[in-house]
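The values are calculated or read from the model by the stated rules, or taken from the named source; none is laboratory data. These numbers were taken from a predicted model, which means no experiment stands behind them. Counting neighbours? That spans all protein chains shown, and the Cβs are built from the backbone with ideal geometry, glycine included.
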Amino acid sequence: MEEITHFDTIHEYNVFNNNKTLHPLVSVVHLDKAAPRHNRRMRFGFYAIFLKKIYCGDLRYGLGKYDYSEGTLVFIAPGQVIGQYSEDIYQPQGIALVFHHDLLIGTSLAKNIHQYHFFSYAVNEALHLSEKEKEIVLDCFSKIEYELEHPIDKHSKELIVSNIELFLHYCQRFYDRQFITREQVNKGILTRFEELLNNYLLSEKADENELPSVSYFARELHLSANYFSDLIKRETGKSAMEYIQNKIIDIAKEKLFDNNKSIQEIAFELGFKYPQHFTRFFKRRVGYSPKEFRLLGK
């Protein structure tokens, strides 16, 4: 089994890349200062964002390679493992912004960091920057670096965290742009999702009393759950779960017009383990119980 190199502190990662530690909880790491090295698996105990300048070794997460090239941002959340060992030696290039969650304690970003779903995006989901966007990212990094080089005072933490939050806001905007520019690809994913959802609700999976989940369809489409959810939200205006639930309701309505099937049978066919769960779900969404809805259709 491949060994994993663990980085629990910012200082450990700075030492690994021949960078000085100016602050124990945050650093802008210049990867070109690092010595040439082998590809390896690495685990981070903090947030890490890599801006890749050139191709510099395979970066893997999970079972696949990250979709990245020059001018690409890759986001890693604490606890994630990336990389894969290789005998090939390469010279790291680019810049990494790394910060520990402890830096955020007492700030609004500590409460909102979970809203930046791209920290849990997976393979083929990196952020590809335009030249102008790359300039903005580098400017954000430069402002953070300036504060790190400035003697620490009562304003330091607020300014550093504010600039990190500004950078993350820009990344949200850039991802919105990327979803739009990849609209044709996204339409294909939406079509495939619709097919998978229809097949699921008419298959043995539903008969086995398994309600369709967002994570199931994300896996089938080779996407992370958060990236998949964000894509569906941007394409349809509804969350992936809302989309799934609406489809369940549509099929339930059709089935209720078949008087040869009991409501219990319909509930089981749709993946509900208990008919009463189906009844509550249907009434909450439609305003009528399945029995009342069936009577309305007569």
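A few points about this structure:
- Residues that are among the hydrophobic types (A, V, I, L, M, F, W, C) and either exposed (fewer than 15 other Cβ atoms within 10 Å of the Cβ) or over 17 Å from SER213 (Cα atoms) (or both), drawn from region 253-281: LEU256, PHE257, ILE263, ILE266
- Total residues in region 34-76, condition at pLDDT 90 or above and part of a loop (DSSP other than H, G, I, E, B): 5
- Put simply, of LEU148, LEU159, LEU168 the only residue that is aliphatic (A, V, I, L, M), under 24 Å from the mean Cα position of the chain (by Cα) and surrounded by 14 or more Cβ atoms within 10 Å (Cβ to Cβ) is LEU168.
- Selected residue (criterion: nearest to the chain's Cα centre (by Cα)) from residues of region 252-287 that are at pLDDT 90 or above and of a type in the set (Phe, Trp, Tyr): PHE281
- Residue in region 173-193 that is modelled with pLDDT of 85 or more, of a type in the set (A, V, I, L, M, F, W, C), in a helix (DSSP H, G or I) and more than 16 Å from the chain's Cα centre (by Cα) present: yes
- If you go through region 100-116 and keep only what is buried (at least 19 other Cβ atoms within 10 Å of the Cβ) and part of a helix (DSSP H, G or I), you end up with LEU103, LEU104, LEU109.
- Hey, ASP153 surrounded by fewer than 19 Cβ atoms within 10 Å (Cβ to Cβ) and at pLDDT below 95 or not: yes
Okay, residues lined up against (1) over 27 Å from ILE82 (Cβ atoms); (2) of a type in the set (Lys, Arg); (3) touching a strand residue (DSSP E or B) at 6+ places or on another chain (Cβ under 7 Å):
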| residue | (1), (2), (3) |
| --- | --- |
| ASP139 | no, no, no |
| ILE152 | yes, no, no |
| HIS155 | yes, no, no |
| GLU165 | no, no, no |
| CYS171 | no, no, yes |
| LYS187 | yes, yes, no |
| ILE232 | no, no, no |
| ALA240 | no, no, no |
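- Only residues that are at pLDDT below 85 and within 15 Å of the chain's Cα centre (by Cα) were counted across region 81-129, and they come to 9.
- Taken over region 16-33, the criterion of being hydroxyl-bearing (Ser, Thr, Tyr) and either surrounded by fewer than 19 Cβ atoms within 10 Å (Cβ to Cβ) or part of a loop (DSSP other than H, G, I, E, B) (or both) is satisfied by THR21 alone.
- Extreme residue, farthest from PHE174 (Cα to Cα), among residues of region 120-158 that are among the basic types (Lys, Arg) and either in a helix (DSSP H, G or I) or touching a residue at least 60 places away in the same chain (Cβ under 8 Å) (or both): LYS157
- Residue match in region 208-225 (condition: farther than 21 Å from LEU270 by Cα, part of a helix (DSSP H, G or I) and modelled with pLDDT of 85 or more): yes
- Being in the same structural domain as SER289 (by TED's automatic domain parsing), closer than 21 Å to PHE75 by Cα and modelled with pLDDT of 85 or more holds for only one residue in ILE244, ILE232, and it is ILE232.
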